[in-house]
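Written out below as structure tokens is the structure these notes cover.
The values are calculated or read from the model by the stated rules, or taken from the named source; none is laboratory data. These figures come from a predicted structure and were not determined experimentally. Using ideal geometry, Cβ is built from the backbone for each residue, glycine included, and neighbour counts are taken over all protein chains shown.
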Amino acid sequence: MSFPTNGVYMIKNIGRGLMLDLKDNNTAEGTPIQGSARNGTVAQQWVIKRQKHPGSSPSKSVTIQSHNKGFNGNGYFTAVSDDSDEPIVYTKHASMIDLVGHVDDTFTMSFTLGNKNLVLSIPSGRYNEVKLENFVQGSARQQWKFIRISDLKK
């Protein structure tokens, strides 16, 4: 499995076939993060940076920022609480994400300071909201593929 290195990516939900998308590319605090059909816009581009902090694994902890302000990003996504069915929203505050790899080069994503059993998902086939959901082994709606677009500019 190939762990994402620092760079700009599109992030695809395997079960729903949708891209992680900043709704309307709106950078207001609390804007929903959604799944959307691939459209190539900057709203679907995310800056991935590996992180090290006490208690984290440097081989799996990252921050994920919106790319709408360029290579340094300008905001992140997070869950407001550690509850199942919690919507994922845009925020100015960084959250560490743990990527847990699978043999098919997909990953589950959980917040390092939260409940490790809760992972990002698009739980409904009818609605495109990205939410926290209790981990289910082998659930494609909880698996994400990172599609590299470019390196980070220094």
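Within the stretch 114-134, residues that are of a type in the set (Gly, Ala, Ser) reach partners that are surrounded by fewer than 16 Cβ atoms within 10 Å (Cβ to Cβ) and modelled with pLDDT under 95 with beta carbons closer than 7 Å, at six or more positions or on different chains, in the pairs Gly114/Asp82.
For Ser81, state whether it is surrounded by 15 or more Cβ atoms within 10 Å (Cβ to Cβ) and without any contact (Cβ under 8 Å) to a residue 60 or more places away in the chain. No.
Just give me the residues in the stretch 82-102 being modelled with pLDDT of 85 or more and more than 22 Å from Thr27 (Cα to Cα), in sequence order. If the condition is that a residue be modelled with pLDDT of 85 or more and more than 22 Å from Thr27 (Cα to Cα), then Asp98, Leu99, Val100, Gly101, His102 are the ones that fit. Close Cβ contacts (under 6 Å, 6 or more residues apart or on different chains) running from residues in the stretch 1-13 that are within 13 Å of Thr108 (Cα to Cα) to residues that are among the aliphatic types (A, V, I, L, M) and outside any strand (DSSP E or B) comprise Asn13/Ile122.
Taken across the stretch 98-105, residues that are crowded, with 18+ Cβ neighbours inside 10 Å and farther than 17 Å from Asp83 by Cβ do occur, with at least one present. When the stretch 22-45 is filtered for residues that are farther than 15 Å from Val8 by Cα, among the small types (Gly, Ala, Ser) and within 15 Å of the chain's Cα centre (by Cα), the ones remaining, listed by number, are Gly35, Ser36. Applying the condition of being touching a strand residue (DSSP E or B) at 6+ places or on another chain (Cβ under 6 Å) and assigned to a loop (DSSP other than H, G, I, E, B) to the stretch 61-73 and asking which residue is surrounded by the most Cβ atoms within 10 Å (Cβ to Cβ) yields His67. Taking the criterion of being in contact with a Leu (Cβ under 8 Å, 6 or more places away or on another chain), assigned to a loop (DSSP other than H, G, I, E, B) and closer than 15 Å to Phe77 by Cα, the only residue of the stretch 8-44 that qualifies is Thr31. The residue that is surrounded by the fewest Cβ atoms within 10 Å (Cβ to Cβ), counting only those in the stretch 114-154 that are over 23 Å from Thr5 (Cα atoms) and of a type in the set (Ser, Thr, Tyr), is Tyr127.
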